[in-house]
Each structure stands twice: as structure tokens, then as C-alpha cells.
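Report on the following structure.
Derivation of every value follows stated rules applied to the coordinates shown; laboratory data play no part. Quantities reported herein were computed from a predicted structural model and do not represent experimental measurements. All Cβ positions, glycine included, derive from the backbone under ideal geometry; neighbour counts span all protein chains shown.
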Amino acid sequence: MSSWDTDERRALRASARRFTEAEIVPNLAAWEDAGALPRELHRRAAAADLLGVSFPQEVGGSGGSPVDALVIAEEMILSGGSSGLIAGLFTHAIGLPHLIEADDPALIEKVVRPVLAGEKIVSLAVTEPDAGSDVANLRTRAVRDGGDFVVTGTKLYITSATRADFFTVAVRTGGDGARGISLLLVDRDTPGLSVSPPLRKMGWLCSDTAEVRFDEVRVPADHLIGEEDSGFYAIMKQFAPERLSLAVQAYATAQRALNLTLAWVRQRETFGRPLASRQVVRHRLADMAQRTDVARVYTRAVVDAWQDGEDVLARVAMAKNTAVAACDYVVDQAVQLHGGLGYMRESEVERHYRDSRILGIGGGTNEIMTEIVAKLLIP
């Protein structure tokens, strides 16, 4: 039996499926039009014991491992959700780990517990106009002034920023390069902090994204997360789970698009015959299925190796690129095989087509993933 298919994880999948079908699918189109998820959805997900999965019970989570959280994301997409929905609902998956690892009781009570209860929202603010994956070159600066840090700078493309109550912010507290970066917890209502209106995007429409500006924002020094000037390494440590999550979302999106297309070609007739009877269509579906399965099997194997403590830096990059490539191909073919309907907003494959484009950019671009592999192959 696969570690992804235990009795407990089958039950977890069933729970995620019920929640998605009841709470998400009937409302997702409206949330896309609104450009954000309702805060009530976070509370409902917490009540269903889905929001806190993989987070320790001692800080308000539901327990379980990172694989359990990946199982939920996968099943939500397979049940009619989307990667954009995952980004908006589970933003805390990248916003909380640093706080939990720092193990500051005050910040855990202030932020971690209410976020995992669905009462508050936390965002991770790292990306800047001139620094995305190149974290070591970020410019937002925090200068010590008595008992405070004074923060000045701009963060861009911040997920859930328009709804966030807290921001886990990467700032420069030291000199140039990786060794001068720290993490600070910043309250939304702190004077000098401003959030732009939602940015208009190609996809992930239900996941709000914005620019966050810091104009001499005073942050109490006790809101430092972990040791000063150690933030770069904390951020790097979280890249593996983030990239593996994106890989899982990519192959799950591909599988969902394939499932929708299989149903469509069986019912759609052209010239008196179902599309599924055409050899060119059947072969294309076989290719879609093959690429999806390869991505799923490889990604899960890398996740298992990561959980076993193996050095998986290169394989994580390869898994992300493999899954993204499969997803790109499958959603494109899904739209093509749906014909005119595939181009309409009323078609679910149209949403997956738009949403899939960010998966090869977020968490490190395809090109950066390839460079990681190349550096490890040829030091």
C-alpha cells in the first residue's frame, strides 16, 4: 500500500472532497468574479479540521504530516476546486512555518492560533519589484531604533495581501547578500503600512494579490522571527515544501482537466460519432494520461524521499518542472478538445488553463529550477 493511500488518508480525501463539493464548487465562480475568497471559508475549513492539517496540535493545528496537507490540496482540485483556491485558502502554509519554528509563545498566541482557527489571515511578503526568486538581493530595509525596527520598502505580488491581518516580512537588517536578511511579523493596521487594490491577473482570480508598502513602519523588536540576520536560510528551508506543493497542484490540475475531457469526448458527437471514437482524439488522451501519471508518480516519490530526510534539492526542482510541463500540455489539450466551449468562462477547463500558467513562475521559475539541477550536476 502506498503511503499516499492509507486508510487515514483515504478518510482525509473523503473529508476534503465533501468540503469541496459542498462549500467550494457552488461558489467558486462567484469568488472568481469577486476577486477574493470570503473570510468565512477559512472558518469553515478550520471547523472541518482541514485548515490546520500538518500543523502541530500544541500550536492550534490538527496534526499530521506535510503529506496530509498535500493530499488535501490534491483532492480539492480533483473535486472541482482550483490551484487558485488552494493559494488563497492555504496562504498560511507559507506564512506560518517561520513563526512556528521560531517558537515564540507570544507570537504563537497572537498569530498562529487565530490563523489556524480561521479567524485571522497571514501572508508571506518576500517578493519585491527587483527581487523575486533572488531573495538575497531584496531591498526592503529594517533599521533598529531603540525598541523598534523601522521598515521601509515595497513588496509585490503578495498572496492574500488585501485580506491579511498579519505579514511575515523579509527585510534587510544587515549588510548586502544573504547574511543580512531577517524576518519580522508586521500587523496590518500598523501606521505607515499600505496595501494596494487587488492586482489584475491572468489567473488565480479568486486569490487576491497586491502590493504592500512600508513607509517608516515601526515594528516592535520582539516581533523579530527567529535570530536577526538568519531570515535567508529560514526562507530557503521552506522552498522545498512550497515547490512540492506547486508540483502536486500541477499534476492534480492535469488529472482534473483530463477527467473533464474524458467525460466530454464521450458525450460530444461530431459527424454522427462521439469524439472518443476518433483515433487522433484517443491518442491525444493517452498522451495526456501518460504525462500526468509520470508527473504524479515522480512527484510523490520525491515527497516521500524528502519526508525520509534525503537530500532532494535537485529532485524537487525536477519534480516541479516535470509536473508543470505535464500540466501545461494537458490543460492546453483539454481546451482544444472542448472546442469553443473550452474557451468559455463557463467551462471549468478554461479556469485551469488560466490558473496553470503561474505554476511555472511561482516558487521559482522553470528556468531557475533547471539552473538548480545544472549546478548540482556540474558544480
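Observations, loosely collected:
- For GluC sites (Glu not before Pro), the sites in segment 77-161 that DSSP calls loop and that have at most 15 other Cβ atoms within 10 Å are Glu119.
- The Cα center of segment 212-230 and the Cα center of segment 334-354 differ in position by 44 Å.
- The fewest-to-most ranking of Tyr343, Tyr251 by surrounding Cβ atoms within 10 Å reads Tyr343, Tyr251.
- This model, with +1 at the C-beta of Lys and Arg and -1 at the C-beta of Asp and Glu, gives segment 238-377 a dipole about its Cα centre of some 580 debye.
- Evaluated with a Cβ-only charge set (Lys, Arg +1; Asp, Glu -1), segment 7-116 carries a dipole of roughly 240 debye about its Cα centre, given to the nearest 20.
- Amide hydrogen neighbours beyond the local backbone of Ile121, cut-off 5 Å, H modeled: Asp165, Phe166
- As computed over segment 7-116, the Cα convex hull volume per residue (Å³): 92
- Listed from fewest to most Cβ neighbours within 10 Å, the set Ser207, Ser133, Ser182, Ser82 follows the order Ser133, Ser182, Ser207, Ser82.
- Taking Lys320, Lys110 and counting other C-beta atoms within 10 Å, the order from fewest to most: Lys110, Lys320
- Extent along principal axes [Cα atoms of segment 115-154; Å; largest to smallest]: 34, 32, 14
- When segment 238-377 is reduced to its Cα atoms, the Kirkwood hydrodynamic radius in Å: 15.7
- Sparsely packed loop sites in segment 167-244 (the trypsin sites (Lys or Arg not before Pro) outside DSSP H, G, I, E and B with at most 14 other Cβ atoms within 10 Å) comprise Arg200.
- Distance (nanometres) between label positions extended 7 Å along Cα→Cβ at Asp130 and Asn366: 2.9
- Net dipole in debye of the chain [+1 Lys, Arg Cβ; -1 Asp, Glu Cβ; about Cα centre; nearest 20]: 1480
- Computed across the chain, the Kirkwood hydrodynamic radius from all distinct Cα-Cα pairs reaches 21.5 Å.
- Centre separation in Å (Cα based) which lies between segment 22-36 and segment 271-317: 28
- Note that segment 162-178 has calculated 3J(HN,Hα) couplings of 6, 10, 5, 8, 9, 10, 8, 10, 8, 9, 9, 9, x, x, 5, x, 5 Hz, one per residue in order, obtained from phi through the Karplus relation 6.51 cos²θ - 1.76 cosθ + 1.60 (θ = phi - 60°); glycine and proline are x.
- Net charge, Val135 excluded, C-beta distance under 11 Å - Lys, Arg +1, Asp, Glu -1: -1
- All lysines inside 23 Å of Lys237 as judged from Cα atoms, apart from same-chain residues fewer than 8 positions distant: Lys155, Lys320, Lys375
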